[in-house]
Each structure stands twice: as structure tokens, then as C-alpha cells.
Amino acid sequence: VFRSGGLRATTLGLATGFFGLFALFFVNSQYLQEVKGFAPAVTGIAIAPLIVGMALVPKFAARWSARPRPVVGTGLALIGLGLLAASTADAHTPYALYACWLLVISAGTGLAMPALTLGVVLSLPPHQAGLGSGLGTSAREIGAALGVAVAGTALAGHADFASGMGPALRTVGAVVLLATALVVMG
């Protein structure tokens with residue numbers, strides 16, 4: 001089934017998006033609580049910008065569904081660039097600025113994920129749609145696990161969370177951007 005370039009690209013795209021998102025999920029609440037000093041309930045509210053883009057942007061992305069490659073490329077690039085921006089956060093970063101970076105990441109997710117999810121299913125003949133759906137789910141799970149593993153490994157190489165967060169998110173952001181190029185070319 002992986003002879004199809006479209007299937008390879010959409011599967012890699014799904015894995016890439018979840019790689020970036022779950023690395024962020026792993027780091028985000030720790031940053032807000034350990035570095036910024038937010039209480040757990042405040043942290044829960046502070047991650048709300050991640051919901052905004054994921055909920056609103058797919059409605060706009062559907063308008064461009066006839067041209068999924070630029071939509072997917074832009075969405076994944078926004079995730080990678082948002083992660084690179086978030087990698088600059090420290091204890092003195094205003095929350096409003098950090099929230100803007102979360103919005104960029106969530107907007108990228110809202111752009112890319114619907115097109116990728118549809119693309120992985122449509123890359124196969126109708127009688128194999130279940131296989132496509134299973135591949136998409138597996139790609140998400142593998143991407144998520146690798147995102148946490150890479151971020152965690154990068155964090156483990158530093159004396160404390162505050163000094164490791166930037167390098168961890170820069171590593172993940174760079175991988176997302178590199179994989180985005182492969183997805184767009186695929």
C-alpha cells in the first residue's frame with residue numbers, strides 16, 4: 001500500500017503533526033506550572049489557545065480542500081514555526097506572547113489535520129478505506145509517542161526543566177519543519 005506517494009505523504013504528515021503536538025503537550029503544562037508558577041487550574045485555562053485554532057480553523061481550511069498540499073504544508077509549517085517560537089519562552093516571557101505561539105500551533109493543526117486525515121483514507125481504493133483509517137490512527141500514535149520521547153530525551157540532557165525546554169522544542173520544531181518538506185514534496 002505504501003507504493004502510493006499520496007499515502008506515504010499523508011501518513012508522514014499525520015505522524016509529523018502529532019509528533020509536534022504531543023511534544024508540546026508534554027512540555028506545555030510543565031512550563032506553565034514549573035517555570036511560570038501557574039496553579040494547575042490556571043494552567044488548564046492557560047492552554048485554551050490550543051483549542052481555538054483546532055476548533056475554528058478547520059472550517060476555513062475546508063474552503064481550500066481542492067488544493068490540500070499547500071494547506072497541509074502551511075499547517076505543518078505553522079506547527080514547526082510555533083514550536084520554534086515557543087522554544088524561546090522563559091520565566092520572563094509574557095503569557096500573552098506565549099499564548100500567541102500556542103495559537104499559531106493550533107491554527108497549523110486546524111489547517112493540516114483534516115486534509116491529512118481525509119487524504120490518508122482517499123489515497124486508497126474505497127474497499128481499503130478501513131486500512132487507510134487504521135494507518136492514519138497508527139501514524140498519529142507513533143508520531144505522538146516519538147514526540148514525547150524526543151522532547152523527554154532532550155530535556156533529560158539538561159540540569160533542569162527551564163534550561164532544557166528551549167532545546168527540546170527547537171529539536172522538535174526542526175524535525176517538524178524537515179518532515180514538512182518531505183510531506184509537501186511527496
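The values are calculated or read from the model by the stated rules, or taken from the named source; none is laboratory data. For clarity, every value in this text was computed on a predicted model and none was experimentally measured. Positions of Cβ are generated from backbone atoms using ideal geometry, with glycine treated the same way; all protein chains shown enter the neighbour counts. Note: areas computed on protein heavy atoms with side chains; ligands, DNA, RNA excluded. Shrake-Rupley method; radii C 1.70, N 1.55, O 1.52, S 1.80 Å.
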Selection within the range 1-55 - buried (at least 17 other Cβ atoms within 10 Å of the Cβ) and either small (G, A, S) or on the phi > 0 side of the Ramachandran plot (or both): A9, G13, A15, G17, G20, A23, A46, G53
Which of the residues spanning the range 110-128 are touching a residue at least 60 places away in the same chain (Cβ under 8 Å), under 11 Å from the mean Cα position of the chain (by Cα) and open to solvent by less than 10 Å² (accessible area, probe 1.4 Å)? A112
In the range 147-168, which residues are in contact (Cβ under 8 Å) with a residue 60 or more places away in the chain and either crowded, with 19+ Cβ neighbours inside 10 Å or closer than 12 Å to L24 by Cα (or both)? G147, V148, V150, A151, G152, L155, M165, G166, A168
Among the residues of the range 99-108, which ones are closer than 19 Å to A174 by Cα and either in contact with an Asp or Glu (Cβ under 6 Å, 6 or more places away or on another chain) or open to solvent by 10 Å² or more (accessible area, probe 1.4 Å) (or both)? W101, L103, V104, A107
Scan the range 72-81 and give yes if some residue there is farther than 13 Å from T180 by Cα and either over 13 Å from the mean Cα position of the chain (by Cα) or surrounded by 17 or more Cβ atoms within 10 Å (Cβ to Cβ) (or both), otherwise no. no
Six or more apart or on different chains, Cβ atoms under 8 Å: show the pairs whose first residue is in the range 169-186 and modelled with pLDDT of 95 or more and whose second is not in a helix (DSSP H, G or I). L169/S87; R170/S87; G173/S87
Long-range neighbours under 6 Å by Cβ, at least six apart or interchain, first residue polar (S, T, N, Q) within the range 23-49, second open to solvent by 40 Å² or more (accessible area, probe 1.4 Å) and part of a helix (DSSP H, G or I): T43/S29; T43/Q33
Out of curiosity, is L135 in a helix (DSSP H, G or I), open to solvent by less than 60 Å² (accessible area, probe 1.4 Å) and under 30 Å from L7 (Cβ atoms)? yes
Are there helices (runs of 4 or more DSSP H) fully within the range 2-95 with at least 2 residues that are within 25 Å of S133 (Cβ to Cβ) and at pLDDT below 95? List them. 5-30, 49-61, 68-86
